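Trainee: Pasting in a structure now, in structure tokens, and then I'll have a few things to ask.
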Amino acid sequence: MGDRDFASTMTSNINTIVAVIDDDEGLRESVEHLLSLCGYGTECFGSAEEFLSSAATSKAVCLVVDIQLGDISGLELARQLLADGYRYPIIFMTGLTDENIRSQAEAVGGKAFLNKPFPAKMLLDAVKAAIR
């Protein structure tokens with residue numbers, strides 16, 4: 001990404017909040033840092049339960065969610081959000097390559113399915129497409 005493209009991306013993302021939900025603190029912080037560098041605001045959560053308790057006040061327009069979160073999976077989180085009336089575009093991340101999981105992610109509104117590790121540009125492109 002050239003300097004002009006980067007500056008344009010940062011300007012266009014001001015006030016766009018992306019929630020990052022991952023129980024891996026290092027990955028969560030890396031994704032937060034990448035998004036922040038590109039001008040996105042972030043809200044970060046270490047579990048599905050943390051996000052569910054904040055969903056009513058969240059300013060996020062898009063979610064980046066790990067499939068394997070612990071007690072409540074990323075897929076279960078998406079199902080619960082739908083049941084509660086929330087319609088977030090969701091980008092799922094996973095270390096699994098199971099087609100059944102990919103199908104379930106699409107069924108609950110997943111806009112992208114990223115296999116870890118993934119290039120930064122792939123995540124940024126998915127976020128941009130999800131919030132259009």
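The values are calculated or read from the model by the stated rules, or taken from the named source; none is laboratory data. Note that the coordinates shown come from a computational prediction; the quantities given were computed from them, not determined experimentally. Virtual Cβ from ideal backbone geometry, glycine too; neighbours counted across all protein chains shown. All accessible areas refer to the heavy atoms of the entire protein, side chains included, with ligands and DNA or RNA removed. Shrake-Rupley method; radii C 1.70, N 1.55, O 1.52, S 1.80 Å.
Trainee: Of all residues in the range 13-25, which are outside any helix (DSSP H, G or I), without any contact (Cβ under 8 Å) to a residue 40 or more places away in the chain and open to solvent by 30 Å² or more (accessible area, probe 1.4 Å)?
Mentor: Across the range 13-25, the qualifying residues are 14, 15.
Trainee: Those residues that are over 16 Å from residue 61 (Cα atoms), open to solvent by 60 Å² or more (accessible area, probe 1.4 Å), at pLDDT 95 or above and of a type outside the set (Lys, Arg), I need them from the range 85-132; list them, please.
Mentor: 119, 122
Trainee: Of (1) open to solvent by less than 60 Å² (accessible area, probe 1.4 Å); (2) at pLDDT 95 or above, residue 80 satisfies all except one. Which?
Mentor: Single failed check for residue 80: (1).
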